[in-house]
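Working notes, beginning with the structure itself.
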Amino acid sequence: MSVVVAGVVVLDCAEPEKLAVFYKALLGAEDTDATANRVEIRSSDGMRLAFRRDTNATPPSWPRPENSLQVHLDFLVDDLDEAERRIVGLGGRPLEAKDAAGPFEERGYADPAGHSFTLRLRRATAPKQG
């Protein structure tokens, strides 16, 4: 049984609001979530992208190796502790420890090859009224 729900591709950038405007226009997308440091959008075909504020972000230099890592995976889970036990059992490792309880809690991990990804608590969504 899966403890992770497929989530969102996250682009780190200096100005998430501006990058979201670009991708919303390009994909015919709409905002689905926004905080002070993150904007998430969903296109009409269901593709989800998020843009996370990183004031030190620099444009990727790909295909040169300098600054080439600019994207990480972001997965949604119902239980962070259960997901962490599963990740560690599969050979992954925590990258940092955070005890920020609440609906925005997230934790960083590395897969067995060292690629980073984030787990975030899935928020309950209520159907629209009216």
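The values are calculated or read from the model by the stated rules, or taken from the named source; none is laboratory data. Computed from a predicted model, the values in this text were never measured in an experiment. Using ideal geometry, Cβ is built from the backbone for each residue, glycine included, and neighbour counts are taken over all protein chains shown. What goes into the accessible areas is simple: the full protein's heavy atoms, side chains included, and nothing from ligands, DNA or RNA. Shrake-Rupley method; radii C 1.70, N 1.55, O 1.52, S 1.80 Å.
Based on the Cβ-Cβ distance from ALA14 to ASP78, what FRET efficiency comes out when R0 is 25 Å, to the nearest 0.05?
On the way: r = 32 Å, r/R0 = 1.28.
Efficiency, rounded to the nearest 0.05: 0.20.
Heavy-atom accessible area for THR118, with the other protein chains in place and a 1.4 Å probe, reaches approximately 10 Å². Distance between the modelled labels on LEU95 and THR32, one decimal in nanometres: 2.1 nm (7 Å Cα→Cβ projection). A cut-off under 12 angstrom between Cβ atoms defines the neighbours of ARG122, and their net charge, with Lys, Arg +1 and Asp, Glu -1, is -4.
Counting Lys and Arg as +1 and Asp and Glu as -1, what is the net charge of the other residues whose Cβ lies under 11 Å from the Cβ of VAL77?
On the way: positive: ARG86, ARG107, ARG120, ARG122; negative: ASP74, ASP78, ASP79, ASP81, GLU82, GLU84, GLU105, GLU106.
Charge balance near VAL77 sits at -4.
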